[in-house]
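Chemist: Got a structure for you, questions after.
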Amino acid sequence: MPASPEPQPVRPSDLIAALERAVGSERCLSRLEQLLVYECDGLTLHSAKPAAVVLPRSRDEVCAVVAACRMHAVPFVPRGAGTGLSGGALANEGAVVIECSQMNRILDVDVDNRIAVVEPGVINADLSSAIAEFGLFYAPDPSSQLACTIGGNVAENSGGPHTLKYGTTTNHILALELVLPDASVVELGSPTGMSAGYDLVGAVVGSEGTLGVVTKITVRLSAIPVCVETLLASFPDVVSACRAVGSVIEAGLVPAALEIIDSRTIAAVEASVYAAGLPKEAGAVLIVELDGPAVALEPQIERIRAFCAQHGAVAIDVAEDEQQRQRFWLARKGAFGAMGRLAPDLYVHDAVVPRSRLPEVLERVCEIGDRYGLTLSNVFHAGDGNLHPNISFDRRDPDELERVLAAGNEILRCCVEAGGVITGEHGVGSEKQEYLGLVFSEADMDAMKRLRAAFDPDGVSNPGKIFPTTRFCAESNPKARGYDRVPLVE
Ligand SMILES: Cc1cc2nc3c(=O)[nH]c(=O)nc-3n(C[C@H](O)[C@H](O)[C@H](O)COP(=O)(O)OP(=O)(O)OC[C@H]3O[C@@H](n4cnc5c(N)ncnc54)[C@H](O)[C@@H]3O)c2cc1C
């Protein structure tokens, strides 16, 4: 790595001038009303004001921005579409936001080898649309896929309804280009998917922007399945639906998706533009999607029908055509948006439990919501054991807010006690850092911190995320970063 330049005094106007030189003044935002938009992501409970927001259009512009931040001893935070749900893209410590949305070109599609090279700002769903003509798609499909970027997906190791069969983002990333915090550029992995040495692509995927800025991504593409069947089974309650999921998995079947939507969510969806004719009287619905050769699907459908019936399903319908199938998915993927009807604020939790523990954990989660007098609904990736207990509330009511936070705390602890983890796909961000110690020992966290320090010894890329702030001294103590040498100028 090149030697650190001598830090210059931090003067906001100097910093802005340097950033303007890097990307041009029209793509450097520093007015208060412009910065307001970037104060939070999809988790609106946390906020922080950035020093500035830049919108680079190339890797070289990202390097120039990072160099300017380094020269002025100001941290930076990469950002995609800001749909994150863990406060990951927040500009802690007056950081500069590097918004990658204008780096949105699909650079190459190699149909023979089923790979594509994209810039980080490509919208997830746009990639699949662009390659459909070749019979290919990009499998990771977060419910936010109409808005979120592939750069953000890489940083969060995002999953989605089809994770059960296709895996999370990490299973689809072959190579990455990364601008390190010293403004140098590294290329990790290889388009073949095979690579000598450490799996650093694996380390960067899920690193939540703490190792640098991803500027190019080589992704694996998948063949669009020849046949897809989607079932909608209605249950009297969410626990019965969970039991049916358990039976499907125990039988060794691997559907493409197993998603549960509970009654509160159904009511919100059916009152919204995402209405898909879901049964309003049901306690829960289970969406089961199967894909593969038609001849293999029919026997699976019959077995799944039997499992659903055994656990009390009152109706089991198979989507009649592609239009109806798409309506089911629109309802599922629009569910968080539809919940905006219930209250001004929504806290989307994200935790994973072993699938066999789903029924009992769901019962406890609902009991916790009731005990705190909260409106709690569930819509989740049941096949992965990935729960999303959603609490609708009004943050202007301090008492309600306190109950929301206390209930969230209990829910996370209950999932960990059941053998689970504190996040399935939304990341730790600034939301769950104090919970990291529930699943990792000091030694585990120290190993992770040392990995981070190998990429970012000064802790300037997305500071104050993932690790508990109280214990990660290099993060919370400016002296540990060498900033003690920087004279502050008001
Ligand atoms: C309605 C809704 C539904 C959702 N459903 C799902 C779901 O099904 N599955 C799921 O996994 N998530 C889901 N999410 C969460 C969110 O959409 C994902 O985490 C997504 O990957 C974030 O992408 P983004 O472009 O918005 O990233 P941002 O929110 O902008 O950033 C997220 C993180 O990525 C980092 N980052 C962004 N770009 C880069 C880059 N170029 N280099 C390095 N780091 C970078 C940021 O620093 C931050 O830490 C949902 C969110 C919403 C609002």
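The values are calculated or read from the model by the stated rules, or taken from the named source; none is laboratory data. Worth saying up front: this structure is predicted, and the values here are computed from it rather than measured. A quick note on method: Cβ atoms are made from the backbone with ideal geometry, for glycine too, and the neighbour counts reach across all protein chains shown. Quick note on the areas: whole protein, heavy atoms, side chains included, nothing else; ligands and nucleic acids left out. Shrake-Rupley method; radii C 1.70, N 1.55, O 1.52, S 1.80 Å.
Chemist: Counting heavy atoms of the protein chains only and a 1.4 Å probe, report the per residue accessible area for the range 29-142 as a whole number of Å².
Modeler: Value for the range 29-142: 37 Å² per residue.
Chemist: Next up: With equal scatterers on the alpha carbons only and no solvent term, can you work out the Debye log10 of I(q)/I(0) for the chain at 0.10, 0.12 1/Å?
Modeler: Log10 I(q)/I(0), no solvent term: -0.77, -1.10.
Chemist: Here's something else I'd like to know. Compute the convex hull volume of the Cα atoms of the range 1-140, divide it by the residue count, and report the result per residue in Å³ as a whole number.
Modeler: 134
Chemist: Separate question: Report the antiparallel proportion of the DSSP beta bridges in the range 1-102 as a percent, rounded to a multiple of 5.
Modeler: 20
Chemist: For helix 294-310, what angle does its Cα long axis make with the longest principal axis of the chain, in degrees from 0 to 90 and rounded to 10?
Modeler: 70
Chemist: List the pairs from Lys165/Lys216; Lys165/Lys333; Lys49/Lys432 whose alpha-carbon separation is above 22 Å, in the order I gave them.
Modeler: Beyond 22 Å between Cα atoms: Lys165/Lys216.
Chemist: For Ala132 and Glu417, compute 0.36 nm times the residue count separating them, minus their Cα-Cα distance, and round to one decimal in nm.
Modeler: Extra length available between Ala132 and Glu417 comes to 98.3 nm.
Chemist: Mind checking the per residue accessible area of the range 239-309 for me, 1.4 Å probe, whole number of Å²?
Modeler: With all protein chains present, the range 239-309 gives 37 Å² per residue.
Chemist: Taking every eigenvalue of the Cα gyration tensor of the range 363-432, multiplying by 5 and rooting it, what semi-axes result, largest first, whole Å?
Modeler: 20, 14, 12
Chemist: Can you give the FRET efficiency to the nearest 0.05 for Asp112 and Ser190, using r as the Cβ-Cβ distance and R₀ = 22 Å?
Modeler: It comes to 0.85.
Chemist: Show that you can apply the helix-only estimate: for the chain, add -39,500 (n - 2.57) for every DSSP H stretch of four or more residues, divide by all residues, and state [θ] at 222 nm to the nearest 500.
Modeler: Calculated from helices alone, the mean residue ellipticity at 222 nm is -9500 deg cm²/dmol.
Chemist: Follow-up question, since we're still on this one. If you put +1 on each Lys and Arg Cβ and -1 on each Asp and Glu Cβ, how big is the dipole of the chain around its Cα centre, in Debye rounded to 20?
Modeler: 500
Chemist: Follow-up. In nanometres, what is the gap between the two model label sites at Cys227 and Asp14, each 7 Å from Cα along Cα-to-Cβ?
Modeler: Result for the modelled spin labels: 6.9 nm.
Chemist: Additional query: Compute the long axis of helix 358-371 from its Cα atoms, compare it with the longest principal axis of the Cα atoms of the chain, and write down the angle in degrees, 0 to 90, nearest 10.
Modeler: 70
Chemist: For the Cα atoms of the chain, what angle does the longest principal axis make with the long axis of helix 238-250, in degrees from 0 to 90, nearest 10?
Modeler: 90
Chemist: Assuming R0 = 41 Å, what is the FRET efficiency of Lys280 and Glu302, from their Cβ-Cβ distance, to the nearest 0.05?
Modeler: E(calc), rounded to 0.05, equals 0.90.
Chemist: Lys and Arg at +1, Asp and Glu at -1: add these up for the other residues within a Cβ distance under 13 Å of Gly189 and post the number.
Modeler: -1
Chemist: Using 0.36 nm per residue, how much length does the chain from Gln326 to Gln310 gain when fully extended, once their Cα-Cα distance is taken away?
Modeler: 3.0 nm
Chemist: Using the Kirkwood radius over Cα pairs, work out the Stokes-Einstein diffusion coefficient for the range 129-257 at 37 °C and 0.692 mPa s, in µm²/s as a whole number.
Modeler: Reported coefficient: 196 µm²/s.
Chemist: If you don't mind, there's one more thing I want to ask. Could you check how much of the accessible area of the range 162-227 is carbon and sulfur, as a whole percent, using a 1.4 Å probe?
Modeler: 56
Chemist: Oh, and also: Which is farthest toward the positive dipole end of the chain among Ser263, Phe440, Leu127, measuring Cα position about the Cα centre, with Cβ charges +1 (Lys, Arg) and -1 (Asp, Glu)?
Modeler: Phe440
Chemist: If you project the alpha carbons of the range 128-186 onto the principal axes, what extent comes out on each, in Å, largest first?
Modeler: The Cα atoms of the range 128-186 stretch 39, 24, 21 Å along the principal axes, largest first.
Chemist: Turning to a different aspect of this structure: Summarise the accessible area of the range 260-356 (1.4 Å probe, protein heavy atoms) by the percent that is carbon and sulfur.
Modeler: 52
Chemist: Take peptides 81-92, 401-412 and line them up by average Cβ neighbours within 10 Å, highest first, as a rough protection proxy.
Modeler: The most tightly packed comes first, giving 81-92, 401-412.
Chemist: If you don't mind, there's one more thing I want to ask. Give me the dipole magnitude in Debye, nearest 20, for the range 203-344 about the Cα centre, with unit charges on the beta carbon: positive for Lys and Arg, negative for Asp and Glu.
Modeler: Approximately 440 debye in magnitude.
Chemist: If you don't mind, there's one more thing I want to ask. What nm value, rounded to one decimal, do you get for the distance between Ser441 and Asp199 when each label is placed 7 Å out toward the C-beta?
Modeler: Going from the Ser441 label point to the Asp199 one covers 2.3 nm.
Chemist: How much area per residue is accessible in the range 163-223 when the probe is 1.4 Å and only protein heavy atoms are counted (Å²)?
Modeler: Computed with neighbouring chains in place, this is 37 Å² per residue.
Chemist: Now for a separate question. For the range 175-321, count all C-alpha to C-alpha pairs, find those more than 27 Å apart, and express that count as a whole percent of the total.
Modeler: The calculated P(r) of the range 175-321 puts 48 percent of pairs beyond 27 Å.
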